[in-house]
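A short write-up of the structure that comes next.
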Amino acid sequence: MNVIRRRGWEIPERLATPEHYFFNRRAFIAGGASTLALAPGLASAQRVADLAKLSDPTADLYPAKRNAKYTLDRPITDEKINTHYNNFYEFNSSKDVAEQAQALRIRPWTIKIDGMVEKPQEVGIDDLIRKMTLEERTYRHRCVEAWSMAIAWTGFPFAKLLDFARPLGSAKYVRMETFMDKSVAPGQRQPWYPWPYIEGLTMAEAANELTFLATGAYGHPIAKQMGAPLRLAVPWKYGFKSIKSVVRFTFTDKRPKGLWEALQSSEYGFWANVNPKVPHPRWSQATEELIGTGERRPTLLFNGYGEYVADIYKNLQNERLWA
Ligand code: MTE
């Protein structure tokens with residue numbers, strides 16, 4: 001993500017991002033993925049994966065059977081690269097959050113389901129996971145910062161959560177919320193971000209067959225820095241929509257405002273569908289860098305998933321679908 005300090009009348013002062021963050025980001029973009037080769041901590045990837053397995057009471061469910069329907073046009077990104085190149089602003093605003101994110105306590109972990117539902121409820125993550133049938137899916141992930149990865153997620157379709165949550169017919173959106181705990185997440189002590197991290201989907205998006213809740217990746221429980229114990233994966237949207245470490249699903253008739261939209265709505269909107277022809281206000285979205293390979297490829301409309309999702313947006317031409 002990349003939010004710069006705007007003039008006073010464009011964004012409230014308390015929401016502006018300090019300059020050092022912006023300049024760090026620019027330095028990273030200039031350096032490109034070659035900086036990864038120098039990243040400290042890559043050697044500890046195995047340790048992170050081992051920790052994920054050890055501390056997770058559902059570890060016996062992995063690896064889950066792969067769903068062969070969702071194929072890739074590129075190799076899966078190396079796990080060592082993926083687990084050391086993350087956006088998790090609750091911990092810090094660099095890509096190097098793996099070590100800090102280990103402070104997150106992921107058990108016990110309770111998911112709250114409320115708002116426009118037949119019956120509000122709370123469910124422990126292990127009970128929820130065991131009610132679902134886990135499957136593996138390979139998806140592409142396109143960050144708004146113009147880099148991409150390919151990941152083997154494990155989890156269950158969001159549609160199964162809808163069956164469990166029983167939203168009312170009048171619900172139009174689902175609002176998702178990340179944990180809030182300043183004692184473990186130093187980023188949450190930074191008051192210029194409107195914590196907690198929020199994201200939202202329409203009910204049609206939530207019910208789409210691609211919309212996935214990941215509990216694992218690379219054949220084992222998901223690493224903390226990737227959003228343990230439960231994160232969203234919506235591969236046709238820019239990565240910021242795929243909220244990590246979710247604690248709450250609220251069904252509502254009001255469009256939720258995500259953290260990035262609250263910070264800078266001119267650049268990070270509600271829809272955030274991938275479109276190579278619509279540049280971000282400060283950079284092109286035409287191509288993407290495949291992290292870990294140095295390769296640059298053209299970006300595809302809806303990140304290549306149009307056959308699954310384009311219909312959702314047929315009658316929404318007046319919306320800012322591409323930001
Ligand atoms: N969710 C939370 N709670 N906090 C974050 O900072 N970053 C988002 C998204 N979900 C983020 C988040 C962004 S910008 C991206 S690109 C993806 O997570 C990154 O996921 P990854 O680190 O697994 O690649």
(message) Quick check on region 258-304: of everything there that is of a type in the set (Asp, Glu) and surrounded by fewer than 20 Cβ atoms within 10 Å (Cβ to Cβ), which residue is farthest from ARG140 (Cα to Cα)?
(response) GLU267
(request) Spot the failing condition for ARG47; the list is (1) at pLDDT 60 or above; (2) in contact with a strand residue (DSSP E or B) (Cβ under 6 Å, 6 or more places away or on another chain); (3) outside any loop (DSSP other than H, G, I, E, B), and only one is missed. (result) (2)
(request) Evaluate region 67-80: report whether one residue or more is within 16 Å of the ligand (Cβ to nearest atom), without any contact (Cβ under 8 Å) to a residue 40 or more places away in the chain and either within 29 Å of PRO298 (Cβ to Cβ) or not basic (Lys, Arg) (or both). (result) yes
(message) Out of TRP153, TRP195, I need the residue that is surrounded by 15 or more Cβ atoms within 10 Å (Cβ to Cβ) and either over 29 Å from GLY292 (Cβ atoms) or at pLDDT below 95 (or both). Which one?
(response) TRP195
(request) Quick one: which strands (runs of 3 or more DSSP E) lie wholly within region 220-323 and hold at least 2 residues that are in the same structural domain as HIS84 (by TED's automatic domain parsing), at pLDDT 95 or above and in contact with a helix residue (DSSP H, G or I) (Cβ under 6 Å, 6 or more places away or on another chain)? (result) none
(message) I need the strands (runs of 3 or more DSSP E) fully contained in region 97-166, keeping only those with at least 3 residues that are among the hydrophobic types (A, V, I, L, M, F, W, C).
(response) 147-157
(request) Give me a count of the residues in region 181-207 that are closer than 17 Å to ALA262 by Cα and assigned to a loop (DSSP other than H, G, I, E, B). (result) 8
(request) Answer with yes or no whether PHE179 is aromatic (Phe, Trp, Tyr), away from the ligand (no atom under 12 Å from the Cβ) and at pLDDT 95 or above. (result) no
(message) Quick test for you: out of GLU136, GLU122, pick the one residue that is over 28 Å from GLN264 (Cβ atoms) and buried (at least 20 other Cβ atoms within 10 Å of the Cβ).
(response) GLU136
(message) Here's a check for you: in region 230-255, which residue that is more than 10 Å from the ligand (Cβ to nearest atom) and aromatic (Phe, Trp, Tyr) is nearest to GLU267 (Cα to Cα)?
(response) TRP236
(message) I need the full set of residues from region 268-323 which are hydrophobic (A, V, I, L, M, F, W, C) and within 12 Å of VAL144 (Cα to Cα), in order please.
(response) ALA272, VAL274, VAL278, TRP283, ALA286, TRP322, ALA323
(message) When you check PRO221 against the structure, is it in contact (Cβ under 8 Å) with a residue 60 or more places away in the chain and either acidic (Asp, Glu) or within 12 Å of the ligand (Cβ to nearest atom) (or both), yes or no?
(response) no
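The values are calculated or read from the model by the stated rules, or taken from the named source; none is laboratory data. On a predicted model such as this, the values are computed, not experimentally measured, just so you know. We place every Cβ from the backbone using ideal geometry, glycine too, and count neighbours over all the protein chains shown.
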